[in-house]
Amino acid sequence: MDIKKTARKPAAGRLVRAAALTSVSFALALLGLAFPPSAAAQGGAIKIGEINSYKSQPAFLEPYRKGMELAVEQVNAAGGIDGRKLELITRDDNANPGDAVRAAEELLSRERVDVLMGSFLSNIGLALTDFARQKKVFFLASEPLTDKIVWQDGNRYTFRLRVSTYMQTAMLVPEAAKLNKKRWAIVYPNYEYGQSAAATFKALMKKAQPDVEFVNEQATPLGKIDAGSVVQALADAKPDAIFNVLFAADVAKLVREGTTRGLFPKTPVVSLLSGEPEYLDPLKEETPAGWIVTGYPWYSIQTPEHAAFLKAYQDRYKDYPRLGSIIGYSSVMSMAAGMKKAGGADTEKLIAAFEGLKADTPFGTITYRAIDHQSTMGAFVGKLAQKDGKGIMVDYRYMNGADFLPSDEEVRKLRPAH
């Protein structure tokens, strides 16, 4: 009798403990703290968690969102990834690195996304790069330009699509050197992207033109430029030419104030990003003719890849694409190409697939380099002009990104071994 009772007690205890664990698991699931298998692991849709500064940078990121959505529609219409559809889940980071990391945590824990993608501002891109390293999750940095993402802070989990700060600056330096101007001033937004662009320009210009002098630097708060003071400081320095890194509303204010005070057009300007429609279009008849810029002349690119994209985009949205559209579209298409090669969204297999991956974009085929995870996407370099009251790019050329990257030996010095 006692033996039977003793034998039954552990069984009852196990039932109680199992019930307790079930209750705890249920409670955790309600709180979004339990971690069931992802949808992809169960054979469902493959979820892409995308984080970006939609509220603070709408000029670039609304077209970017449309580009992503178009690509998802096309991938799914073509059968998805081995029969599994792509699902895009977006979050706004409020232009704050802490909020971006919290959004990434929530996407992984509650939404059970398979991969992460996105970011616009360089400081946020760096925060997500470190998050990917810590959590061992695949992250495609679609837009942030800072070189640290693939070099100093690079890690095996992070890849980057867009032409970097170094690459775009390197594309402009030969044009700047052709001006044969000795005294240069620099104006840039005072955060990672701007600081990096200014440092790279100075270093590369010194190599291209050893006698160059940098007579003034204006580092302005992002989105809060005091254009009058900046233009006056630039004018007082009497530079022969200016290197501009400002974008969005800041560059528009600089142009208007500089034109009013006579700084432009008499002073030549070499400018990052200023030929992108999202920043050029608002200037209209104020477009500063002659500026040497990187940008996106969507209206006159004559390639089959771009023509196909342009038609699909205009049919879908009844609008013309911006550079953000290209980046959003190419980000998803890169993910799809990598997943098809990897046979799914398994992190380790996806990393292996992306190293050396070739992906088709509206700018042609690009390659994700194994050595630093940077893509070879290029950019257009040309001059600004006006036509029918609008700003356009003229005399432009497409620069292949592969031609503007450091050697493997230099990259090994820049990028730690993770």
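Things to note:
- Accessible area expressed per residue, segment 195-306, with surrounding protein chains retained (probe 1.4 Å, Å²): 41
- Averaging over all projection directions, the Cα-based convex hull of segment 177-260 occupies 5.1 nm² in the image plane.
- Using the average count of surrounding beta-carbon atoms within 10 Å as a protection proxy, the listed peptides 76-83, 233-240 rank, highest first, as 233-240, 76-83.
- Whether the chain is rounded, prolate or oblate, judged on the alpha carbon gyration tensor where a/c under 1.5 counts as rounded: prolate
- Degrees between helix 248-260 axis and first principal axis of the chain (Cα, 0 to 90, nearest 10): 10
- The 3J(HN,Hα) values that the Karplus relation (6.51, -1.76, 1.60; θ = phi - 60°) gives for segment 83-99 are, in residue order, x, 9, 7, 8, 10, 9, 10, 9, 9, 8, 9, 6, 6, 9, x, x, 5 Hz. Gly and Pro appear as x.
- For segment 293-418, a simple Cβ point-charge model (Lys and Arg +1, Asp and Glu -1, everything else neutral) yields a dipole of about 300 debye relative to the Cα centre.
- With all protein chains kept in place, the per residue accessible area of segment 46-185 amounts to 32 square angstrom at a probe of 1.4 angstrom.
- Accessible area per residue for segment 351-392, computed on protein heavy atoms with a 1.4 Å probe, is 36 Å².
- Residue with peak Gaussian network fluctuation, the chain [Cα springs, cutoff 10 Å], from P144, P288, P174: P174
- Angle in degrees between helix 323-342 and the longest Cα principal axis of the chain, rounded to the nearest 10: 40
- Cα centre as origin, Lys/Arg/Asp/Glu Cβ charges: the chain dipole, Debye: 1240
- Charge dipole (the chain, unit charges on Cβ, about Cα centre) - positive-most of M339, Y296, Q232: M339
- Around the Cα centre of segment 62-175, unit charges on the Cβ atoms of Lys, Arg, Asp and Glu (plus for the first two, minus for the last two) sum to a dipole of about 360 debye.
- Nonpolar atom fraction for segment 332-418, defined as the carbon and sulfur part of the 1.4 Å probe accessible area, stands at 47 percent.
- Computed helical MRE - 222 nm, the chain, DSSP H runs ≥ 4 contributing -39500 (n - 2.57), nearest 500: -14500 deg cm²/dmol
- Gyration tensor (alpha-carbon) shape descriptor, segment 277-418, a/c threshold 1.5: oblate
- Extents of segment 298-376, largest first, come to 40, 22, 19 Å (Cα atoms, principal axes, whole angstrom).
- In segment 358-414, inverting the average of 1/r over every pair of distinct C-alpha atoms gives 13.4 Å as the Kirkwood radius.
- Atom-type composition of the exposed protein surface of segment 107-158 places 38 percent of the accessible area on carbon and sulfur (1.4 angstrom probe).
- The C-alpha atoms of the chain define a longest principal axis, and helix 2-31 lies at about 20 degrees to it.
- Lys/Arg +1, Asp/Glu -1 at C-beta; the chain dipole; positive extreme among W184, P416, A197: P416
- Prolate/oblate/rounded call for segment 340-382, Cα gyration tensor, a/c under 1.5 rounded: prolate
- The spread of Cα positions in segment 89-145, taken along each principal axis and listed from longest to shortest, comes to 27, 20, 17 Å.
- Largest-first principal axis extents of the Cα set of segment 36-141 (Å): 36, 31, 18
- Of the trypsin sites (Lys or Arg not before Pro) found in segment 221-302, those in coil by DSSP whose Cβ has at most 11 other Cβ atoms within 10 Å are K224, K266.
- Binned Cα-Cα distance frequencies in segment 150-226 - 10 Å width, integer %: 16, 43, 31, 9, 1
The values are calculated or read from the model by the stated rules, or taken from the named source; none is laboratory data. This is a predicted model, so every value here is computed, not measured. Here the Cβ is made from the backbone with ideal geometry for all residues, glycine too, and neighbour counts use every protein chain on show. For accessibility, only protein heavy atoms count, side chains too; no ligands or nucleic acids. Shrake-Rupley method; radii C 1.70, N 1.55, O 1.52, S 1.80 Å.
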